[in-house]
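Note sheet for the following structure.
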Amino acid sequence: MWLALAFLSAFLLGFYDVSKKISLASNAVIPVLLLNTLVCTLIFSPLVIGSAMGAIAEDSILYVPSGGWDVHKYIVLKAFIVLSSWILGYFGMKHLPITLVGPIQATRPVMVLAGAVFVFGEHLNAWQWAGVCLAILSFYLMSRSGKKEGIDFTHNKWILCVVLAAVTGAVSGLYDKYLVAPVSQGGAGLDKMIVQSWYNFYQFLFMTVVFLVVWLPRKSRETPFRWHWAIPLISLFLSLADFVYFYALSNPDSMISIVSMVRRGSVLVSFGLGAMVFREHNLKAKAFDLFLVLLSMVFLWIGTMKY
């Protein structure tokens, strides 16, 4: 069941990426991100309020339990990590082709797997090492594909943003598993709904500060903000994707390396729609790079399931 939920989350994430790319085209990044966190907060606020007032039963999958600072301190850190990844990723997504950003983000499972080795004591076998090597090769080939569009991986700050977004996203994935894993398994044992509901709220608070302190005083010198119908879709697809993602992770048998790997399959959706909607170039070379990324994930999956 948890594996099926991971695939559903990947499908939704693909539409999330496309909505994000549409929203950021010739638009101000920080206001879009602020609205994203606001809409996500509004989506989950009725669940928090309904649970506190007893309108939602405790045995419901939508029930949000209460918790003190001993719980919320973990969620605040989660919000900070995710928002750091989002800010970097949003700026990179705005300035780079989605058919290039997607494959780079899809290398995140390799980073998660590396983190799982150091944090959770997992060991790599031959299949997994093959997957890691393929991911490294694909990244090198992506740099060559990028050069054909005038994008130098070693000197382009937006490429650096996307790579750092992937790294912090991998850290977030490992932290997610820790948050919802039972205490008996070394985790924090937090309820998945309290994590998802409240980290969106804390992100909104953080983004409000960034908006007021960083963007608003420089508004006249920045790209102007314009409303687009795709902006609320970012929040909708993300909230649904995260809901099934946390539900999958809450299963004691779930493996963060596998869930993260499957979720990166969202690149198939974003790549396909990106090719059709944005009419991007050099698709044949990028498709081969993407094939290597997906093949690396297959090798990682075989290595994880085989041993």
Within the stretch 125-140, is even one residue open to solvent by 50 Å² or more (accessible area, probe 1.4 Å) and touching a Leu at 6+ places or on another chain (Cβ under 7 Å)? yes
Qualifying residues in the stretch 45-70 (those that are without any contact (Cβ under 8 Å) to a residue 40 or more places away in the chain, over 15 Å from Phe201 (Cα atoms) and of a type in the set (A, V, I, L, M)) - the one most open to solvent (accessible area, probe 1.4 Å): Met53
Test Val267 against the criterion of being buried (at least 22 other Cβ atoms within 10 Å of the Cβ), more than 19 Å from Leu83 (Cβ to Cβ) and aliphatic (A, V, I, L, M), and give yes or no. yes
Out of all the residues in the stretch 223-246, which are more than 30 Å from Ala6 (Cα to Cα) and open to solvent by 70 Å² or more (accessible area, probe 1.4 Å)? Pro224, Phe225, Arg226, Trp227
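Does Leu179 qualify as being surrounded by 19 or more Cβ atoms within 10 Å (Cβ to Cβ), out of contact with any Asp or Glu (no Cβ under 9 Å at 6 or more places or on another chain) and not in a helix (DSSP H, G or I)?
On the way: surrounded by 19 or more Cβ atoms within 10 Å (Cβ to Cβ): yes; out of contact with any Asp or Glu (no Cβ under 9 Å at 6 or more places or on another chain): yes; not in a helix (DSSP H, G or I): no.
Criteria not met by Leu179.
The values are calculated or read from the model by the stated rules, or taken from the named source; none is laboratory data. Not measured: the values here are computed from a predicted model. Quick reminder, even Gly has a Cβ in these numbers, built from the backbone with ideal geometry, and neighbours come from all protein chains shown. Ligands, DNA and RNA are excluded from the accessible area calculation, which covers all protein heavy atoms including side chains. Shrake-Rupley method; radii C 1.70, N 1.55, O 1.52, S 1.80 Å.
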